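Worksheet for the structure shown next.
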Amino acid sequence: MFDCQGACVGVEPETRQPQSQALKTLQEVLSWKPTNEQLLHSLTSRAKTFVRPTEQRKKPYTLVCHDFKGGYLEDRYLQGGRKEDAYYFCRWECIDMFVYFSHHFVTVPPLGWTRAAHKHKTIILGTIITEWKDGEALWATVLGSKETQHQLVANLVAICKYHDFDGWLVNVENKIEESQVAALKDFVELLTKESHRQLPGSSVLWYDSVTRKGDLKWQDELNEENSMFFDACDGIFLNYCWTPEKLAASKETAKEKGRLFDVFVGIDVFGRGCPGGGGFNTREALHHARENNLSAAVFAPGWVLETLGVADFEDNDCRFWAKLHDLCPPSGASTLPLSSAFCQGHGDAFFCMGEEMTGRPWYNMSLQQRQPERTRVYGFEDPTNQATQPSLNTCLSSAYLGGCSVELSAHLTRPLQTVSFRLYSIKSKLDETLYCSYTYKENSDAPCDAYLVLTFGSGLLTRRAIMGPGQESPHGLEKELSHSLAEGTGNGCEPPSKRARIESGTRTETGTRTDTGTVYVGPMREEELEPVKSSLWFHDLQETNRSRGREGWITRHFRVDTTKVTPSASNSGEEAISVSVSLSRPLAASSSSVDQSEGNGAGELHQDIQRTSILLGHLQVFRERDLKLEAPKVTNIKLKKMEPLLISDPTEASVASKDSSDKRGNGNFTNHLSEPSYFIQWDVEGDSGVDYFNVYMMAGDTSVLIGHTATNSFVTTVGAKFVHDDRVTVTVQPVLSATGLPPVLSKCARETLLLSEKA
């Protein structure tokens, strides 16, 4: 059925799960063809939701180089895995570029990482690496033939284009014959030019390794020994053992070439050769890079998980990035429509529209949705009083879609006291009506009102649309909200009095913007909802979505007339918009709970009673034109028995058969070598982007979720409970990129398929 020679995907023999894989030899790369990638059927045919930026850079880059335990671990599975200590990344607002790294010749980023990066407007690169004697022999072959060089470049660009990532890091960690150095430079230059021609906005970076004489001699700076390669591509990734003096020299060399931001200062989080020793002191090395206005390449931030363990990973990861965030200029703002169910790409269970569908741990970066801009509160001056500080945490026990929701928590002790959490930044024209909604559930006994706030900024002018539960704003609320938003409480990493904002590329100190207008917007009334409730955006109003899983989840919809928040003299350009959620103690809240805890030594109880929290399950902001969104149409569902078995590496089959106790994949989880596997495939019609597909099989009268895939195909075994008269009934449910949610299951494509048909 498949030709897996020279393929970047295959099926692991142990689990029968499709997986991403590196190309380990020159012959594999030279023989690569798109026809080998049938497991990624129609991957490139769906609507693109990411466009590479092509405008000139105005600030230094922040790059993260992944390198977690060599790569291709649980993240390699196209349909997801089950390992609970898999590495995930959520701090996309801090970075501009992401490199997936391994020590194989050609490293193609696993699909999940590419999808997650692009959802956050982040460039993602693969790696080309050669090392030691094997590397010398490989390059002697390539550089000895113009035809081989051109074929290698053509296939590298084709692989990048087909797998939808954005370029390469070229790392030659071996000696090159001096007579072939010029040919190596020509190869890098050709790869860069062809990448730019076929993939506008792509990047090729050179790692500081080989010199102009072909010696493997790391320079730790940009100088005459390596500048020939820098001149041939988009940038250089400096080795880690630099000194402040070498960075200053690199700065001067780059300035002479007019390419200051194309020098990436290598910063090893494991601390090898770097000032500060890495770890939680990585800031010291990053500070040196920013002092010279150079870009930074942060290598192996997975150090947090690899060395400190999984138990407190989120806390430790937030602590790590909190120390760096002010040295990482925010990446590009989101565009409209904006939506997220906040899934991080893992969970202890999987939820769909508030209902728990599977109760087992899973991991799949393809399912990650747009992450909020901050994930914890750190750095307040009074560490002894952290219990009273607002916090933004991940909740794995309940979600609207995916594996988690966002817990917003604050200590509110007086009526109308308000705390605001800035979650997203948007840039958009305000030339039409906006629609917004948020879905949440209460998570504490303390009373709380939740408000969605859009802050529109134009120069020093600030206007706000406040959306809340009532048709009228409580007296005094707007003043409290304005104060809390000016303070920026809830999701920063410095004390509010010290924190500075970066908005629209310009740093302004907190509190310097002028509040010139606030509009309060109540929930849409029944007569306003009637004409639009059939739209996919009004997910909670679809009749069959009113399931038991929605109990406790509250969704509020709002319509914002932008003419009321846009001054008549405003230009027609894009506006900076920040999206916040605010928690406020209602006026009607009784103070009896406070009184009961006073005078009885129950100070701790008093504090717990006053701490309020909600679980935020979904949020969206979209334009009137987006109401016309239609779900993509899944057609032509087919099922084929996979015989013979597609094996990524036939030499591993005998080893895998000896131990199949670790059943990965987020599908059936019962894949044994003795059971047949089936390949389900479908086509998609329509222009709407799809994040991923939920795949169901019927067991009696019940649709059972068997897994997820970001491609138009799914590999699984079939349990007996799904089979009736040698047939199975399959339903494919797309999760839309625009809404971050799926359409109603009953409206999704369903086919009854014969099992016995062979591939």
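See the values below:
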item: Long-range neighbours under 7 Å by Cβ, at least six apart or interchain, first residue more than 30 Å from residue 371 (Cα to Cα) and open to solvent by 20 Å² or more (accessible area, probe 1.4 Å) within the stretch 725-751, second assigned to a loop (DSSP other than H, G, I, E, B) and not acidic (Asp, Glu); result: 726/755; 726/756; 727/755
item: The stretch 683-704, subset of a type in the set (Asp, Glu) and open to solvent by 20 Å² or more (accessible area, probe 1.4 Å), residue farthest from residue 741 (Cα to Cα); result: 701
item: Residue 164, sole failed condition from (1) at pLDDT 95 or above; (2) surrounded by fewer than 23 Cβ atoms within 10 Å (Cβ to Cβ); (3) in contact with a helix residue (DSSP H, G or I) (Cβ under 8 Å, 6 or more places away or on another chain); result: (1)
item: Of residues in the stretch 687-741 being charged (D, E, K, R) and closer than 19 Å to residue 638 by Cβ, the one farthest from the chain's Cα centre (by Cα); result: 725
item: From the options 183, 117, 137, residue that is part of a helix (DSSP H, G or I) and in contact with a Pro (Cβ under 9 Å, 6 or more places away or on another chain); result: 117
item: Test: residue in the stretch 381-391 that is open to solvent by less than 30 Å² (accessible area, probe 1.4 Å) and modelled with pLDDT of 90 or more; result: no
item: Failed condition for residue 250, given (1) under 30 Å from residue 290 (Cβ atoms); (2) surrounded by fewer than 17 Cβ atoms within 10 Å (Cβ to Cβ); result: (2)
item: Matching residues in the stretch 92-114 - criterion: being under 21 Å from residue 155 (Cα atoms), open to solvent by 10 Å² or more (accessible area, probe 1.4 Å) and part of a helix (DSSP H, G or I); result: 111
item: Flag for residue 477 being at pLDDT 90 or above and surrounded by 21 or more Cβ atoms within 10 Å (Cβ to Cβ); result: no
item: Every residue from the stretch 135-147 that is in contact (Cβ under 8 Å) with a residue 40 or more places away in the chain and either open to solvent by 40 Å² or more (accessible area, probe 1.4 Å) or out of contact with any helix residue (DSSP H, G or I) (no Cβ under 9 Å at 6 or more places or on another chain) (or both); result: 136, 140, 141
item: Tally, over the stretch 289-334, of residues that are more than 19 Å from the chain's Cα centre (by Cα) and under 21 Å from residue 205 (Cα atoms); result: 7
item: Qualifying residue in the stretch 337-354 (condition: out of contact with any helix residue (DSSP H, G or I) (no Cβ under 8 Å at 6 or more places or on another chain), open to solvent by 10 Å² or more (accessible area, probe 1.4 Å), on the phi > 0 side of the Ramachandran plot and of a type outside the set (Lys, Arg)); result: no
item: Criterion (modelled with pLDDT under 90, farther than 21 Å from residue 678 by Cα and open to solvent by 40 Å² or more (accessible area, probe 1.4 Å)) met by exactly one of 628, 658; result: 658
item: Number of positions in the stretch 162-180 that are part of a loop (DSSP other than H, G, I, E, B), among the acidic types (Asp, Glu) and under 21 Å from residue 297 (Cα atoms); result: 1
item: Number of the exception - residue 43 against (1) surrounded by fewer than 23 Cβ atoms within 10 Å (Cβ to Cβ); (2) hydrophobic (A, V, I, L, M, F, W, C); (3) at pLDDT 75 or above; result: (3)
item: Residue within the stretch 275-294 that is within 12 Å of residue 220 (Cα to Cα), in contact with a Leu (Cβ under 6 Å, 6 or more places away or on another chain) and not polar (S, T, N, Q) present; result: no
item: Those strands (runs of 3 or more DSSP E) lying entirely in the stretch 385-481 with at least 1 residues basic (Lys, Arg); result: 418-428, 434-442, 461-467
item: So residue 454, is it in contact with a helix residue (DSSP H, G or I) (Cβ under 7 Å, 6 or more places away or on another chain), over 26 Å from residue 610 (Cβ atoms) and at pLDDT 85 or above; result: no
item: Some residue of the stretch 278-298 being open to solvent by less than 50 Å² (accessible area, probe 1.4 Å), among the basic types (Lys, Arg) and either out of contact with any Pro (no Cβ under 7 Å at 6 or more places or on another chain) or in contact (Cβ under 8 Å) with a residue 12 or more places away in the chain (or both); result: yes
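A quick yes/no check of all residues on (1) out of contact with any strand residue (DSSP E or B) (no Cβ under 6 Å at 6 or more places or on another chain); (2) outside any loop (DSSP other than H, G, I, E, B):
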site	(1), (2)
156	yes, yes
195	no, yes
204	no, yes
212	yes, no
221	yes, no
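Residues are listed down the side, and each one gets a yes or a no for (1) β-branched (Val, Ile, Thr); (2) open to solvent by less than 10 Å² (accessible area, probe 1.4 Å):
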| position | (1), (2) |
| --- | --- |
| 195 | no, yes |
| 226 | no, yes |
| 240 | no, no |
| 256 | no, no |
| 265 | yes, yes |
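One line per residue, one yes/no per condition, for (1) open to solvent by 50 Å² or more (accessible area, probe 1.4 Å); (2) closer than 23 Å to residue 103 by Cα; (3) touching a helix residue (DSSP H, G or I) at 6+ places or on another chain (Cβ under 7 Å); (4) at pLDDT 75 or above:
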| position | (1), (2), (3), (4) |
| --- | --- |
| 10 | no, yes, no, yes |
| 16 | no, no, no, yes |
| 20 | no, yes, yes, yes |
| 26 | no, yes, yes, yes |
| 37 | no, yes, yes, no |
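The values are calculated or read from the model by the stated rules, or taken from the named source; none is laboratory data. Note that the structure is a prediction, hence the values are computed from the model and not measured. Quick reminder, even Gly has a Cβ in these numbers, built from the backbone with ideal geometry, and neighbours come from all protein chains shown. Ligands, DNA and RNA are excluded from the accessible area calculation, which covers all protein heavy atoms including side chains. Shrake-Rupley method; radii C 1.70, N 1.55, O 1.52, S 1.80 Å.
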